[in-house]
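The values are calculated or read from the model by the stated rules, or taken from the named source; none is laboratory data. All values derive from a computational prediction rather than experimental measurement. Reconstructed Cβ throughout: ideal geometry from the backbone, glycine too, with neighbour counts over all protein chains shown. Surface accessibility is based on the protein's heavy atoms, side chains included, excluding ligands, DNA and RNA. Shrake-Rupley method; radii C 1.70, N 1.55, O 1.52, S 1.80 Å.
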Amino acid sequence: TLSTVISTRDDMLNDLVARGMEEALAFKIMEDVRKGKGLKPEYEQAMQVSKVPSWYIDSCKKIKYIFPKAHAVAYCIMSFRIAYFKVHHPLAFYADYFTNKAFGFDATVACDGLGRVKDRVKTIRSIEKPTAKELDEASVLDVAEEMYARGLKFHPVDLFKSGAHQFQVEDGALRPPLVGLPGLGETAAEAIVQERKKGPFSSIEDLVERCGVNKNVVEILKTHGCLKDIPDSKQVSLF
């Protein structure tokens with residue numbers, strides 16, 4: 001029955017001792033089994049002497065790893081906490097989730113609406129041998145699709161409002177970070193955040209000089225609409 005299966009290493013140790021086995025021997029058997037080493041002949045013989053059921057002995061030979069009870073309980077508590085936030089504070093939940101999965105987040109797709117998200121996932125799933133990066137992207141977009149299905153939305157990446165790495169809860173939606181734009185690396189994102197604290201960028205030329213970003217980063221920001229209100233040059237026309 002479920003109540004008698006080997007679920008944690010603590011239970012196994014206590015079970016063997018309760019059957020009359022010497023504590024030191026019970027500990028050695030438990031250690032080997034929980035590491036996936038199976039049973040030595042002398043261990044199996046000792047278990048038979050202690051009238052351990054044959055199914056229990058067979059289980060010990062098949063087990064590859066056993067959690068400690070405290071670890072298992074901690075995982076359960078963490079799962080309840082995550083579930084609570086997902087239900088009652090969804091934006092905080094998704095902000096934390098996407099921040100930790102930023103390497104697989106593509107703001108050009110995720111911020112473009114549910115239809116675009118579904119199309120991209122469908123495309124990746126249709127690839128015969130997708131790369132690890134593509135699989136990560138599909139996994140993250142699955143959660144973005146779930147978020148849209150719950151009536152939640154993304155703000156676009158913003159040069160002056162987006163963080164470097166973290167997703168932010170803002171006006172009932174999520175604001176992706178600068179690194180959410182494919183091709184915009186951490187160094188460039190951090191430089192932009194630090195420099196904008198000193199004052200707004202007067203032009204794209206000013207942005208390049210102050211942040212040390214290259215043409216590729218500028219094009220990425222332009223494509224996503226982050227530079228639409230900023231002139232190209234610092235020079236001001238008299239007319």
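Structural remarks
- From ILE63, ILE77, residue being at pLDDT 95 or above and closer than 30 Å to PRO41 by Cβ: ILE63
- The condition of being touching a residue at least 40 places away in the same chain (Cβ under 8 Å) and open to solvent by less than 70 Å² (accessible area, probe 1.4 Å) holds for VAL157.
- With respect to the conditions (1) surrounded by fewer than 18 Cβ atoms within 10 Å (Cβ to Cβ); (2) part of a helix (DSSP H, G or I); (3) touching a residue at least 60 places away in the same chain (Cβ under 8 Å), ALA83 lacks only one, and its number is (3).
- A search for C-beta distances below 9 Å between a residue of region 116-130 that is part of a loop (DSSP other than H, G, I, E, B) and any residue that is open to solvent by less than 100 Å² (accessible area, probe 1.4 Å) and small (Gly, Ala, Ser), counting only pairs 6+ apart in sequence or on different chains, returns PRO130/ALA138.
- Of the numbered criteria (1) without any contact (Cβ under 8 Å) to a residue 24 or more places away in the chain; (2) over 30 Å from ASP142 (Cβ atoms); (3) open to solvent by less than 90 Å² (accessible area, probe 1.4 Å); (4) basic (Lys, Arg), the one LYS28 fails is (3).
- Those residues of region 37-57 which are within 11 Å of LEU16 (Cβ to Cβ), among the aliphatic types (A, V, I, L, M) and more than 43 Å from the chain's Cα centre (by Cα), in sequence order: ALA46
- For the residues LEU91, LEU135, the requirement of being open to solvent by 80 Å² or more (accessible area, probe 1.4 Å) and out of contact with any helix residue (DSSP H, G or I) (no Cβ under 6 Å at 6 or more places or on another chain) singles out LEU135.
- For region 31-70, taking the residues that are assigned to a helix (DSSP H, G or I), open to solvent by less than 70 Å² (accessible area, probe 1.4 Å) and in contact (Cβ under 8 Å) with a residue 24 or more places away in the chain, the one that is farthest from THR8 (Cα to Cα) is identified as ALA46.
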